[in-house]
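Down below is the structure, laid out as structure tokens.
The values are calculated or read from the model by the stated rules, or taken from the named source; none is laboratory data. Because the structure is predicted, anything quoted here is derived from the model rather than measured. Cβ coordinates were reconstructed from backbone atoms using ideal geometry, including for glycine residues, and neighbour counts include every protein chain displayed.
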Amino acid sequence: MTLYTALAVLQAAVYTKLTGDSQFAALCRTYDCVPNDAVCPYITIGHAQELDCGTWQKRAWEVIVTFHLWDASGSNATLFTLLGHLDRLFDQNHAGLTLTSGTCVSAMRESAGEPLADPDGIHRQLPVKFRFRVQA
């Protein structure tokens, strides 16, 4: 199958990696679409930006995925713990990321924003961006 975009296969692989890791899954739930009754802490797989970096001979993309870590404990400690697990799973650790088509050849954390207080006064969010390089 010819791969024309890495977005769908990468998102599926990231979701599988997050939900399949027992340490991470014990700490929080992973959502693509958050249900109204979601209980904190949880992570959402947010926006993804794809940049074409292929050549005439080989298709390749850099994909920046924004994760949103959510908690309602009133502290940043849980958010920072979850960030550490994201680093363990993805930062410089692309080998464990299995795509249904193509290959993830690198992964690294690009940035972690500062924790943001939600207007509801209860929830806190930490946006985190990772850059993945995928080759067809």
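So here's what we get for this one:
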| item | result |
| --- | --- |
| Long-range neighbours under 6 Å by Cβ, at least six apart or interchain, first residue farther than 13 Å from Trp70 by Cα and hydroxyl-bearing (Ser, Thr, Tyr) within region 94-122, second at pLDDT below 90 and buried (at least 16 other Cβ atoms within 10 Å of the Cβ) | Ser101/Leu3; Ser106/His94 |
| Residues of region 35-86 classified as part of a strand (DSSP E or B), in contact (Cβ under 8 Å) with a residue 60 or more places away in the chain and surrounded by fewer than 14 Cβ atoms within 10 Å (Cβ to Cβ), total | 1 |
| Output for region 10-30, where each listed residue is crowded, with 17+ Cβ neighbours inside 10 Å and either without any contact (Cβ under 8 Å) to a residue 60 or more places away in the chain or over 13 Å from the mean Cα position of the chain (by Cα) (or both) | Cys28, Arg29, Thr30 |
| Looking only at region 1-34, and only at residues there that are aromatic (Phe, Trp, Tyr) and not in a loop (DSSP other than H, G, I, E, B), the one that is nearest to Leu86 (Cα to Cα) | Phe24 |
| Any hit, region 34-52, residues being farther than 19 Å from Arg133 by Cα, of a type in the set (Ser, Thr, Tyr) and under 16 Å from the mean Cα position of the chain (by Cα) | yes |
| Scan of region 87-114 for residues that are farther than 22 Å from Thr2 by Cα, surrounded by fewer than 17 Cβ atoms within 10 Å (Cβ to Cβ) and at pLDDT 90 or above, ordered by number | Asp87, Arg88, Met108, Arg109, Glu110, Ser111, Glu114 |
| Test: residue in region 63-70 that is at pLDDT below 95, closer than 16 Å to Ala12 by Cα and under 17 Å from the mean Cα position of the chain (by Cα) | no |
